[in-house]
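I have placed the structure first, in the form of structure tokens, so that the comments after it can refer back to it.
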Amino acid sequence: MKIIGTGSAHPKCAVSNEMLEKFLETTDEWITERTGIKERCVISSEKLEDLATDAANKALEDAGLTAADIDFIICSNVVNEFVTPALSCIIQGKLGAKCPTVDINAACAGFIYAMDMAEDKLRCKKAKNILIVCAEEPSRMVSWQNRSTCVLFGDGAGAAVVTEGDELKAIRLTTESMTNVLYYQRKLEPTPYIDKDENFEPLVMRGREVFKHAVSNSNKDIKTLLEETGLKTDDIKYYVLHQANRRIIDAIRNFLGVDEERVPHNVERYGNISSAALPALLDELNRGGKLQKGDKLVFSAFGAGFTTGACVIEWAK
Ligand code: ACO
């Protein structure tokens, strides 16, 4: 597999820490010090499927392809307005594509899980060009009265077009069922037969536990992949990490012992946009002219589940 195009789209409403100070018992100082986040873009009048389609169209254009060239669409999404149909079906229609589609939910690690699925389809020759779209609106899962969670998240979409190639050098996925540290329960319709306690609440997160798992699992994933590929930390041009918290990013960078410029970040501008964070950051690097053919990149992400995913890939464009 190789990546041949990237795209991203963010909502227009940028919410600064100072704006949050107006209705939450919080400060810019606290948020900046604990998370590195200065602002996040949050959906107001937009629809998530439109952001996703925008990101996908940009990725197609970057790849020099049209929707007709796509054989399969994988959409990574945790929550959106529709339970059914799948978000990928809605995106397919908006793009004017004709191929089969599927949604996956591997939380913030969704982009890497989608890459793994794409790699398998390409290897089996079941597809030639695959569109991966990660579209997320975590701002709709949190209580905006809860300062411990709502300050952390933003909304957005990131996309990549992948095709046949041998640039994906190694990939690793892990899932560990830890459903009490990070969860959000959807409210279902009542029935005359429901006879159990149901407690629907906004996103619950035990931040410190998530923090520890995120750092230790990402470190382990990256170390394992470097060993597997025989690469040294300095052989990697960029470590493209999940953008949840600047302190998590710094902790992983310290473990690796690499310079700041090798670990790019935009969490300060967008907050945590779940699985869209990784392709959106990759798109920034791509469009900013930071990537050259042959550059080796490490991707690593973690999310609710607890899921993690990481890979080593060579830049092909
Ligand atoms: N403003 C001011 N005070 C706050 C705020 C806020 N926004 N949020 C919490 N506090 C308070 C708490 O109430 C607590 O007060 P208390 O001591 O009086 O009880 C105090 O600050 C410390 O709270 P902690 O939760 O212990 O603070 P911590 O240093 O652990 O930082 C944080 C919290 C930022 C959430 C951190 O634990 C973290 O980043 N965890 C990882 C979160 C993450 O990455 N989540 C997403 C990963 S998976 C995915 O992407 C879906």
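The values are calculated or read from the model by the stated rules, or taken from the named source; none is laboratory data. On a predicted model such as this, the values are computed, not experimentally measured, just so you know. Using ideal geometry, Cβ is built from the backbone for each residue, glycine included, and neighbour counts are taken over all protein chains shown.
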request  = Go through the residues of segment 236-253 one by one and say whether even a single one is part of a helix (DSSP H, G or I) and more than 14 Å from the ligand (Cβ to nearest atom).
outcome  = yes
Segment 54-77: number of residues that are farther than 21 Å from Leu122 by Cα and crowded, with 23+ Cβ neighbours inside 10 Å = 2
key: Unmet criterion (only one of (1) more than 15 Å from the ligand (Cβ to nearest atom); (2) free of Cβ contacts under 8 Å to residues at least 12 places away in the same chain) for Thr163   = (2)
Strands (runs of 3 or more DSSP E) lying entirely in segment 128-177 (those with 2 or more residues that are among the hydroxyl-bearing types (Ser, Thr, Tyr), outside the structural domain of Ala52 (by TED's automatic domain parsing) and in contact with a strand residue (DSSP E or B) (Cβ under 6 Å, 6 or more places away or on another chain)) = 168-175
query = Within segment 270-279, is even one residue over 15 Å from Ala157 (Cβ atoms) and in contact (Cβ under 8 Å) with a residue 24 or more places away in the chain?
reply = no
Pair list, Cβ under 8 Å, 6 or more apart: segment 49-68 residue outside the structural domain of Phe111 (by TED's automatic domain parsing), other residue surrounded by 19 or more Cβ atoms within 10 Å (Cβ to Cβ) and outside any loop (DSSP other than H, G, I, E, B) = none
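Residues checked against (1) in contact (Cβ under 8 Å) with a residue 24 or more places away in the chain; (2) under 24 Å from Arg247 (Cβ atoms):
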position: Glu167; (1), (2): yes, no
position: Arg208; (1), (2): no, yes
position: Lys212; (1), (2): no, yes
position: Ser218; (1), (2): yes, yes
position: Thr224; (1), (2): yes, yes
task = Evaluate the following for Leu87: is it within 21 Å of Ala127 (Cβ to Cβ), modelled with pLDDT of 95 or more and buried (at least 19 other Cβ atoms within 10 Å of the Cβ)?
result = yes
